[in-house]
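A.B. asks: Let me begin by handing over the structure; questions about it come next.
The values are calculated or read from the model by the stated rules, or taken from the named source; none is laboratory data. This is a predicted model, so every value here is computed, not measured. Cβ atoms come from the backbone with ideal geometry, glycine included; neighbour counts cover every protein chain shown.
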Amino acid sequence: MNEPLWSAVDDYWITKLHTPDHALDAASAASAAGGLPPIAVTAPQGKFLHLMARAVGARRILEIGTLGGYSTIWLARALPSDGELVTCEIDPHHADVAAAAFARAEVDKLVDLRVGPARDTLSTLDGPFDLAFVDADKTSSADYFRECVRLVRPGGMIIVDNVVRAGTILDAGSTDGAVMGTWRLADAIAAEPRVDATVVQTVGGKGYDGFVIAVVR
Ligand code: SAH
Ligand code: DHB
Ligand code: MG
């Protein structure tokens, strides 16, 4: 493990490849000032999500787990002006911080922020979505994944965050809820004939983790 080096390499590539975006920086700062946990995706991960949305030609995006809206803004920046992004957040304070960030980023017209348990919101939604990003309570990732398979169109993409957890998913005796939730997710994907999926392990400013990337058949 060499997190300072991973962060420095993130910084190198951010300097080379990223255009400064004051609204994204403001979203990070407002999340910290509001006491939200520092668990948003990194800038390179956010841009990765953005590029995936562009690559699938996304016009309609679903996000589960808004926090302060950092990943949401990256994804919304990929949408056309008549696009839509539905994002689910259970914590009203997180949702307030996010709503202010969406206004500052001028994506508030594109973003439909639903406050409440994602499970309840998802049951009210109809597809098709072009891309879904699952990043909320890890105990429920398998259930969210199944809902995304219902909601994402053929050829669309489902991305699930935090599926490596510094390798702790290999601790066979783990009783950690997030690890056990990741095992249930893995079994759900393995049993789902309507998707093709793989894992992308990541290191960087947020340590060692990874995404599942699934494409709906
Ligand atoms: N996607 C964000 C980070 C999300 S952190 C980013 O990268 O910027 C996970 C979020 O999921 C937290 O804000 C948490 O409050 C929310 N969450 C937890 N359980 C939830 C649930 N059952 N329904 C909806 N949101 C939930
Ligand atoms: C946690 C949640 C996340 O979505 C993440 O990317 C990192 C950590 C957490 O709940 O600890
Ligand atoms: Mg996450």
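A.B. asks: On the given criteria, is PHE48 within 16 Å of ligand 2 (Cβ to nearest atom) and either buried (at least 19 other Cβ atoms within 10 Å of the Cβ) or at pLDDT 95 or above (or both)?
C.D. replies: Answer is yes for this residue.
A.B. asks: Output the residue which, of all residues in region 154-177 that are farther than 12 Å from VAL212 by Cα and of a type in the set (S, T, N, Q), is surrounded by the most Cβ atoms within 10 Å (Cβ to Cβ).
C.D. replies: In this case the residue turns out to be SER174.
A.B. asks: Touching a helix residue (DSSP H, G or I) at 6+ places or on another chain (Cβ under 7 Å) and buried (at least 19 other Cβ atoms within 10 Å of the Cβ): is that true of ALA58 in this structure?
C.D. replies: Details: touching a helix residue (DSSP H, G or I) at 6+ places or on another chain (Cβ under 7 Å): no; buried (at least 19 other Cβ atoms within 10 Å of the Cβ): yes.
Spelling it out, it is not the case that ALA58 is touching a helix residue (DSSP H, G or I) at 6+ places or on another chain (Cβ under 7 Å) and buried (at least 19 other Cβ atoms within 10 Å of the Cβ).
A.B. asks: Show me the helices (runs of 4 or more DSSP H) found entirely inside region 69-152 where at least 3 residues are modelled with pLDDT of 95 or more and closer than 23 Å to TRP183 by Cβ. Let's see the steps before the verdict.
C.D. replies: Values: elements: 70-76, 92-104, 118-124, 141-151.
Counting at least 3 such residues, we get 118-124, 141-151.
A.B. asks: Okay, next question. Give me the pairs: first residue in region 135-152 and closer than 15 Å to ASP120 by Cβ, second residue modelled with pLDDT under 95 and more than 16 Å from ligand 3 (Cβ to nearest atom), beta-carbon distance under 8 Å, and six or more apart or on different chains, which are they?
C.D. replies: Close Cβ pairs (under 8 Å, with a partner that is modelled with pLDDT under 95 and more than 16 Å from ligand 3 (Cβ to nearest atom)) do not exist here.
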